[in-house]
Amino acid sequence: MMIVMERFCSPEAVEAVVERLESRGCDIHISDGQERIVIGAMGAGTDLEQLPWEAMEGVEKAIPVLKPFTFVSRDFQEEDTIVRVGGVRIGGNRFTVIAGPCAVETRDQLFRTAEQVVKAGATVLRGDAFKPRTSPYAFQGLAEAGLELMAAAREEFGVPFVAEVLDPRDVALVASYADMLRVGTRNMSNYSLLAEVGKQPKPVQLKRGFTATIEDWLHAAETIYKEGNHQIVLVERGIRTFETAARNTLDITAVPVVQRLSHLPIMVDPSHSGGHHYLVAPLAQAAVAVRSSGIMVDVHPSPDTALVDGSQALLPSDFAALMDRVRKLAAAVDLEM
Ligand code: PEP
Ligand code: MN
């Protein structure tokens, strides 16, 4: 249910609507746009739509919501959400580049990568301390020691960082270091993790589950949003299809579809989509052309020795060359960098 208030309605009128909804046990979020206030309500009381909302002072119209996700939808909030990661803005007319190693391995590996990607123009650093691996014997990440190294790199190079969190029990730990938390593809439907990241204040990157429809994905975002955290960036990272030539199939169509359905920014991960280094630049360029909110790219100083995802990592020099092309393309489609 969405209640659209009249322009310049009084705070008391808003309060009266909120109280009435609360008395019905609804979950409420208020979108205070430039044009007008919209009150979104989810939950209990199937008779909600039968109440004479439009008879209440200050109410322009009451709209029953057909789409199952409410708060993350464009119907609820027309303006783009701008997500703030440290001092960096993601969303709106801006194209943001996040880069760094897939996993933090050593101080030297991280610092060499960070120095180069920042010099080339990345404004947010990536580097995971907890890695979801198919084999339980593969490198699982450095855990807290990895987060400490990321925090040291932030100091040294002056950029905020994003790191993955795998377990609800680690949310507080990762949030105490990172500027942004990431929920990866394997955890997109882990509702206890989504709720936990929704309860803490750091912005969240939500990757698309590799078998998730766009609707499933927006439901997952809604789960975070309704817990109170509205700073969410969606990341398209490729889906499983019958095609085996690439690690996943980048669903570039998802970008304009999500932009139509939701006010949340959507970025593209060309590294995990393609899974091969030769695919990263073309897919990254497609992400600019389609006017997504940015890209996240795996970079490693020696991909042949990488402990995780070496085959898709770019050398710092290749990343710098990609950045030159990204800047030109962004200008051509009126995106700021
Ligand atoms: C990652 O970004 O390192 C990662 C594990 O990605 P995904 O969850 O998309 O596989
Ligand atoms: Mn990876």
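Sorted on the mean count of surrounding Cβ atoms within 10 Å across their residues, most packed first, peptides 50-58, 250-258 read 250-258, 50-58.
Bridging of LYS199 to lysines at a Cα separation below 20 Å is possible for LYS207, LYS226, once same-chain residues fewer than 8 apart are set aside.
Neighbours of LYS226, meaning other residues whose beta-carbon lies under 11 angstrom from its beta-carbon, give a summed charge of -2 when Lys and Arg score +1 and Asp and Glu score -1.
Here is how the number arises for the chain: DSSP H runs of 4 or more residues each give -39500 (n - 2.57), the sum is divided by the residue count, and the result at 222 nm is -10000 deg cm²/dmol. Just checking the listed ones, GLU79, GLU227, GLU156: in the Gaussian network model of the chain with Cα springs under 10 Å, the one fluctuating most is GLU156.
Looking at the range 192-247, which chymotrypsin sites (Phe, Trp or Tyr not before Pro) are in a loop (DSSP not H, G, I, E or B) and have at most 13 other Cβ atoms within 10 Å?
PHE242
Among 313-322, 130-139, 181-190, the peptide with the highest mean count of other Cβ atoms within 10 Å heads the list, and the full ranking is 181-190, 313-322, 130-139.
The C-alpha atoms of the range 191-337 occupy a region whose extents along the principal axes are 42, 37, 33 Å, arranged from largest to smallest. Mean-square fluctuations from a GNM of the chain, with a 10 angstrom spring cutoff on Cα atoms, peak among ASP269, ASP47, ASP75 at ASP47. Please work out the Cα center distance from the range 139-200 to the range 88-117, rounded to the nearest Å. Cα centres, the range 139-200 to the range 88-117: 14 Å. Rg of the Cα atoms in the chain, relative to 2.2 N^0.38 Å, amounts to 1.04.
Every number in this text was worked out from the coordinates using simple rules, so none of it is lab data. In this text, all values refer to a predicted model and were calculated from it rather than measured experimentally. Cβ: placed from backbone, ideal geometry, glycine included. Neighbour counts: every protein chain shown.
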